[in-house]
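Enquirer: Below is a structure I'd like to ask you about.
No lab work stands behind these numbers, since they all come straight from the coordinates. The structure presented is a predicted model; accordingly, all values stated were derived computationally and were not measured. Neighbour counts are summed over all protein chains in view; Cβ atoms, including those assigned to glycine, are modelled from backbone coordinates with ideal geometry.
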Amino acid sequence: MRKALVLVVLGSAVGLCGCGPGGTAALLLLLLPHKKSKQKFVTLTLRSDYGEPEPAAGTHRYRKGSTITVSCGATPYPSANPAGGTRFVCTGWTAVGSDLTSGVEQRFTFTISEDTAINWLWRTEHRLTVKVEPLGAGTVSVSPASSDNYYAEGAGVTLEAQPAANCSFAYWKGDATGTQNPLKLTMNAPKEVVAVFVPQLQITTATLPEGEVGAAYPATTLTATGGTPPYTWSDVNNTLQSYGLTLDSSTGEITGTPTQATPSGGVTVTIVVTDSSNNTAQKDFTLIIYSELQITTTSLPDAVEGVAYSFTVQATGGNASNYIWSISGQPSWLSIDSSTGELSGTPPVGSAGNTYAFTVTVDDGLQVASKPFGLVVNAAAPAVADFEAYPTYGTAPLTVTFTDKSTGTITQWEWDLDNDGVTDSTDQNPQWTYNTPGWYTVKLKVTGPGGSDTCTKFKYILVANNIWYVDGVN
């Protein structure tokens, strides 16, 4: 141990090396231990969960009063876009000692005055990757937006799929599933989400078949394309049900037997199809239900032997535009027009007194209606000729209309309108113009199965150059 020399003077001292008169002095030399001076040191403790701070995490020793620069290191860490999709961003620090408390700096300088602890703060961020399938079928909006697609851990993000024209959103896949749109995510890890789009959902059935009361409705299954099967079908206004029909919600099949006819022109049926992603498509159809098909003619007029017969059978209900008529059990001379229902034919001479039984049938493609008939054939009545004309006089040119008044069964008319022995018309009710003045005799010959008859009216028509009317006074 080093020692210090100490000089002690006892008595009255006049000087350091001598004594004055009458005084005494004594010198005492003492050797005392020498006390060594101490230099002050303090500690700096650094803590960081991530990154490569400077100085490194741990405890460091510095002289009190030293100026120290600290840094959290590179941020984001380990890089701005790490392969794993998770990064850490330094958000500041907290401290105890040397008058430090907290800050947002990622690098700062201070004077250490005492033991000090600094804790670097980090925020965890995860990458969100959003994709679309197929490419170009739609877009996805992200809220809130991020310039580099990283979000703080625990942050809420909303994705909304927006289909392009003629496309529909189907579902999410990847780190999110389901059909909810918009979709809410919590960023608790890196996520990759794919929005899947499909062709737009649409009903492809063009029309509904027509039906008839009392007849099973034609087998019909509605069809759709696009969207994401399976589909769910619905009749928005329950129109089908009100007419006795049922729509299968899972298959789109319409079945049943109509119970009532629709108004003329039909009724509107609104059909909606929904896919598994809750996309919908709607289409209006016209439903036509005809009343029950039936032949309304109750009986047939009698026929006359040797005379052409014609009568049109009537029907109601069903689809009149699709009527097809047929006949069975009829005599060989009788037929029916398949499109109009007209019965026609000529009963042969000698068939009078017969009643022919047969069945008439009408079919509209959905229903068939049949009805038996009996056709009576009568003997031909004798033909008796007679006629009238108007006007019967006037100036040339004079146009006269002749009206047949004959009775009996008549099949032929022969008019000699100017009595020259030549048939001028075979119409039943002809019209004739006289251009030359004079008296004209008119003759009508009628013919039927029962024979012929002639009616002649002499000087029946007067055609004059001029006519003067006398009133009996002037």
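Enquirer: Note the full-extension length gain between Ala145 and Thr59 as 0.36 nm times their separation in residues minus their Cα-Cα distance, in nm to one decimal.
Expert: Between Ala145 and Thr59, full extension yields an extra 26.8 nm.
Enquirer: Of Cys167, Cys72, how do they rank once you tally other Cβ atoms within 10 Å and put the fewest first?
Expert: Going from sparsest to densest Cβ surroundings: Cys167, Cys72.
Enquirer: Let me ask something else about it. Assuming R0 = 25 Å, what is the FRET efficiency of Gln428 and Lys371, from their Cβ-Cβ distance, to the nearest 0.05?
Expert: Rounded to the nearest 0.05, the efficiency is 0.15.
Enquirer: Explain nothing, just the number: dipole magnitude of the chain about its Cα centre with +1 on each Lys and Arg Cβ and -1 on each Asp and Glu Cβ, in debye rounded to the nearest 20.
Expert: I would put it at about 5960 debye.
Enquirer: Still on this structure, I have one more. For the chain, build the charge dipole from Cβ charges (+1 Lys, Arg; -1 Asp, Glu) around the Cα centre, then report which of Gly84, Thr43, Asn279 sits farthest towards its positive end.
Expert: The listed residue farthest towards the positive side: Thr43.
Enquirer: Please give the FRET efficiency for Ser276 paired with Gln162, using the beta carbon to beta carbon distance and R0 = 25 Å, rounded to the nearest 0.05.
Expert: Given R0 = 25 Å and the Cβ-Cβ separation, E is 0.80.
Enquirer: Here's another thing I want to ask about it. Excluding same-chain residues fewer than 8 positions from Lys173, which aspartates and glutamates have a Cα within less than 18 Å of its Cα?
Expert: Glu133, Glu160, Glu192, Asp275
Enquirer: Return the distance in nm (one decimal) between the two label points of a simple spin-label model at Thr454 and Asn435, each offset 7 Å from Cα along Cα→Cβ.
Expert: 2.8
Enquirer: Run through the DSSP bridge list for region 205-289 and note the antiparallel percent, rounded to the nearest 5.
Expert: 95
Enquirer: Could you tell me which of Val269, Asn188, Thr401 has its Cα farthest along the dipole of the chain towards the positive end, charges placed at Cβ (Lys, Arg +1; Asp, Glu -1), taken about the Cα centre?
Expert: With unit charges placed on the Cβ atoms, the residue in question is Asn188.
Enquirer: At 7 Å along the Cα-to-beta-carbon direction for both Asn319 and Val104, put a label point, then send me their distance in nm to one decimal.
Expert: Placing both labels 7 Å along Cα→Cβ, they lie 7.7 nm apart.
Enquirer: Provide the packing ranking of 300-313, 418-431, i.e. peptides ordered by the mean count of other C-beta atoms within 10 Å per residue, highest first.
Expert: Those peptides, ordered most packed to least, come out 300-313, 418-431.
Enquirer: Could you check the spin-label model distance between Ile68 and Thr298? Points 7 Å from the Cα along Cα→Cβ, value in nm.
Expert: Once both label points are built, they end up 12.1 nm from each other.
Enquirer: Any chance you could count the Lys pairs in region 359-474 whose alpha carbons are under 27 Å apart, treating pairs 8 or more apart or on different chains as valid?
Expert: 8
Enquirer: Next question. Given the pairs Lys131/Lys283; Lys131/Lys191; Lys184/Lys283, which span a C-alpha to C-alpha distance of over 23 angstrom in this model?
Expert: Result: Lys131/Lys283; Lys184/Lys283 exceed 23 Å.
Enquirer: Further question: Once every DSSP H run of n ≥ 4 in the chain is given -39500 (n - 2.57) and the sum is divided by its residues, what mean residue ellipticity at 222 nm do you get, rounded to the nearest 500 deg cm²/dmol?
Expert: 0 deg cm²/dmol
Enquirer: Sticking with this one: Multiplying the sequence separation of Ala216 and Thr340 by 0.36 nm and subtracting their Cα-Cα distance, what value in nm do you get?
Expert: 42.1 nm
Enquirer: For the pair Trp333 and Thr225, what calculated FRET efficiency results from E = 1/(1 + (r/R0)^6), where r is the Cβ-Cβ distance and R0 = 51 Å, to the nearest 0.05?
Expert: Rounded to the nearest 0.05, the efficiency is 0.30.
Enquirer: Going Cα to Cα from Lys40, which aspartates and glutamates come in below 16 Å? Please leave out same-chain ones fewer than 8 positions away.
Expert: Leaving aside aspartates and glutamates fewer than 8 places away in the same chain, those within reach of Lys40 are Glu114, Asp115.
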